[in-house]
Amino acid sequence: MRQHLPQPSAGDIQPLIDRHLAQEGPLLPILHSVQDAFGHVPEAAVPMIAEALNITAAEVHGVLSFYHDFRDVPAGHHVVKICRAEACQAMGGAALADAALARAGVAWHGTSANGAVTIEPVYCLGLCACGPAAMVDDRLVGRMDAAQIDAILTEAGA
Amino acid sequence: MKIYVPLDSAAKALGADEVAEAIRAAARSCDMDVQVVRNGSRGMVWLEPLVEVERDGVRLAYGPVSVADVPAILDGSAETLGPVEDIPFFARQTRLTFARCGVIDPLDLDDYAAHGGLAGLRRALDADPAAIVQDVTDSGLRGRGGAGFPTGIKWKTVHDTPAAQKYIVCNADEGDSGTFADRMIMEGDPFSLIEGMAIAGRAVGATRGYVYLRSEYPVAIAVMNAAIDTARDAGLLGDDVLGSGVAFDMEIRVGAGAYVCGEETSLLNSMEGKRGVVRPKPPLPAIEGFMGRPTVVNNVLSLATVPVIFERGAAHYADFGLGRSKGTIPVQIAGNVKHGGLFETAFGMALGELVNDIAGGTATGRPVKAVQVGGPLGAYFVPDEFDTPFGYEEFDGAGGLIGHAGVVVFDDSTDMAQMARLAMEFCAVESCGKCTPCRIGAVRGVETIDRIVAGDAAAAGLLSDLCETMTDGSLCALGGFTPYPVMSALRHFPDDFGLHREAAE
């Protein structure tokens, strides 16, 4: 169910920018607000942000592309982040991640063909004493096993 | 009846929300008077969700609890682990920084004050700023983020640098695998961080504070934001902190998934709305930090420890510890471990005692192969080195670092060549790109490890050279410390790389 929503209009985007202009160093808060609202940072937002902050569009793009969190296209309907860091690997996280990727038929950062699930790596959720760990949209999962990740992907529609 | 169910991320990840809801529903259906308190975690993660039932002033522990256990807990027929503070893992700790974590309702300011909260700030507000800085110096507190720099000296630099605006920035970008103490204290005792930052502000003359909090911690973000709102409403933050006439206010800034932003100069660039690339030092952030102004950048634990230093006195804190590592260190025991969690203790405990005795060895029951101390940039230690005492200088002397005091345990099924490869791969993914040894070196490091594993033994010398270049030539700890795990894995486990021991050395 990849979302084919219409591109947000300037009128939708501008208030999300204006809300942060009084903050010191407002660019990250703006990008977070825009992404929270639309699931990604649409191309149309880049020149508007540049204009508001009196920086170049290239600078906005530079920041947007630096951080792993920000996306310029929408993700799948659900985002599953699987921890790849050492503590989860010590509990068999790598094999679990491989199984999940195979089950969804994607590589890291990929979205399943039906648009239901995007699987991304995350380096540490702070659940290191109850790994392997994952985050399914906003829900945290600890002590994950093969059956659980399978159920998560099934529920998400992968 | 009061029942405590943690709101901590680890507890939630193991079903605490469902358990809390089941308790409320069951109590409603049988008309019991039950008050559910969402506390922080006691840090015994293997028992999470750890539910506590208060009976006659004693908090009895149950765990790990599932929804199915709820009726038996309510009718008293479930088997308890006993009073929570008598559980050996908990009873053996010295809790100063984490004294309130898991005990109080994290968002109840009265509960916080009833457990010693705000006493330190009130003392600091009456004191001369220079005297506050001196107290922090006397306490021996060192940066808990990893570098171990004396906190008092950093504060003194900011205090002595005149400026119209100064800042307190809390580094809550806890990205190291195996560490979760910052998250736990922000979720379980957020007012201690707020109080610590207010004291820091008073000490150095800063009126604005920021917490740069990683986006991977949604629960901590929510709890901290709620706590800041409560603190502002109660006059703990604002133009007139606790009626003293001193101004201090703060806000949360959410990171965006870049590990390198845990490095303080990258963090400042990120907060200013730039790419999170490292700045060369000097200038020190204490002189030209956020927005080019004098800035204290301290880790969560450093700042959250400040209130107890002022509540009980610098000498009380400095009495704990070993050599120049004074006070307590919240050790996080993680990975393949039987009893994982947070263990706060005075500096000086041997690594082996933590791993084998406190944590009970591996979860799988297999022998310990290696433990990584200090996050993804920390060295692997083998059981032969388990007598190393937990202290900054002691770990440095053993060719490692304590970093943020995360201890990740691996059993004998682990392929250490793959762990070394992961360290290089992680560095390649997370490098900010500013300096060549890190940006290019990490990519070449992955390739070189692959060559060694494929049978090219001569490439081992190349890997050593590459690591030396990264250590000496990188601007920050990401490129500079990635060689720690790589070289320690190669040194201890040449067989895993397909090498004979002589070839690796």
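The values are calculated or read from the model by the stated rules, or taken from the named source; none is laboratory data. What you see is a predicted model; the values in this text were computed from it and never measured. Cβ atoms come from the backbone with ideal geometry, glycine included; neighbour counts cover every protein chain shown. The protein model used for the area step is the full one, side chains on, heavy atoms only, and it has no ligands, DNA or RNA in it. Shrake-Rupley method; radii C 1.70, N 1.55, O 1.52, S 1.80 Å.
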Of the numbered conditions (1) more than 14 Å from every other protein chain (Cβ to nearest Cβ); (2) open to solvent by less than 10 Å² (accessible area, probe 1.4 Å), residue B:473 fails exactly one; give the number of that condition. (2)
Pick out the one residue from B:410, B:386, B:347 that is touching a residue at least 12 places away in the same chain (Cβ under 8 Å) and under 27 Å from residue B:303 (Cα atoms). B:347
Tell me yes or no: at least one residue of region B:317-324 is open to solvent by less than 20 Å² (accessible area, probe 1.4 Å), modelled with pLDDT under 95, among the small types (Gly, Ala, Ser) and not in a strand (DSSP E or B). no
Regarding residue B:92, is this residue open to solvent by 30 Å² or more (accessible area, probe 1.4 Å) and within 14 Å of residue B:3 (Cβ to Cβ)? no
Sole miss for residue A:70 among (1) part of a loop (DSSP other than H, G, I, E, B); (2) away from chain B (no Cβ under 11 Å) is condition (2)
Given the structure, is residue A:90 within 14 Å of chain B (Cβ to nearest Cβ), open to solvent by 60 Å² or more (accessible area, probe 1.4 Å) and over 21 Å from the mean Cα position of the chain (by Cα)? no
Say whether the condition of being surrounded by fewer than 18 Cβ atoms within 10 Å (Cβ to Cβ), at pLDDT 95 or above and not in a strand (DSSP E or B) is met by at least one residue in region B:271-279. yes
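Yes/no matrix, rows are residues, columns are (1) touching a strand residue (DSSP E or B) at 6+ places or on another chain (Cβ under 6 Å); (2) more than 12 Å from chain A (Cβ to nearest Cβ):
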| position | (1), (2) |
| --- | --- |
| B:265 | no, yes |
| B:268 | no, no |
| B:308 | no, yes |
| B:311 | no, yes |
| B:344 | yes, yes |
| B:349 | no, yes |
Filter region B:196-229 for residues that are part of a helix (DSSP H, G or I), more than 10 Å from every other protein chain (Cβ to nearest Cβ) and not aliphatic (A, V, I, L, M) and give the result. B:196, B:201, B:202, B:225, B:229
Go through region B:195-213 and report how many residues are in contact with a strand residue (DSSP E or B) (Cβ under 8 Å, 6 or more places away or on another chain) and open to solvent by 10 Å² or more (accessible area, probe 1.4 Å). 3
So, first residue away from every other protein chain (no Cβ under 14 Å) in region B:18-46, second residue at pLDDT below 95 and not in a helix (DSSP H, G or I), Cβ within less than 6 Å, six or more apart or across chains; the pairs are B:34/B:1
The listed residue being closer than 20 Å to residue B:214 by Cα and open to solvent by 10 Å² or more (accessible area, probe 1.4 Å), out of B:311, B:251: B:251
So residue B:121, is it hydrophobic (A, V, I, L, M, F, W, C) and assigned to a strand (DSSP E or B): no
Going through (1) open to solvent by 10 Å² or more (accessible area, probe 1.4 Å); (2) more than 16 Å from the chain's Cα centre (by Cα) one by one, residue B:143 fails only at (2)
Any idea how many residues of region A:34-60 are closer than 13 Å to residue B:273 by Cβ and crowded, with 16+ Cβ neighbours inside 10 Å? 7
Out of B:293, B:275, sole residue that is within 18 Å of residue A:60 (Cα to Cα) and in contact (Cβ under 8 Å) with a residue 24 or more places away in the chain: B:275
Residue in region A:104-134 that is farthest from the chain's Cα centre (by Cα), counting only those that are assigned to a loop (DSSP other than H, G, I, E, B) and hydroxyl-bearing (Ser, Thr, Tyr): A:112
When only residues in region A:108-146 that are away from chain B (no Cβ under 14 Å) and open to solvent by 70 Å² or more (accessible area, probe 1.4 Å) count, which is farthest from residue B:423 (Cα to Cα)? A:114
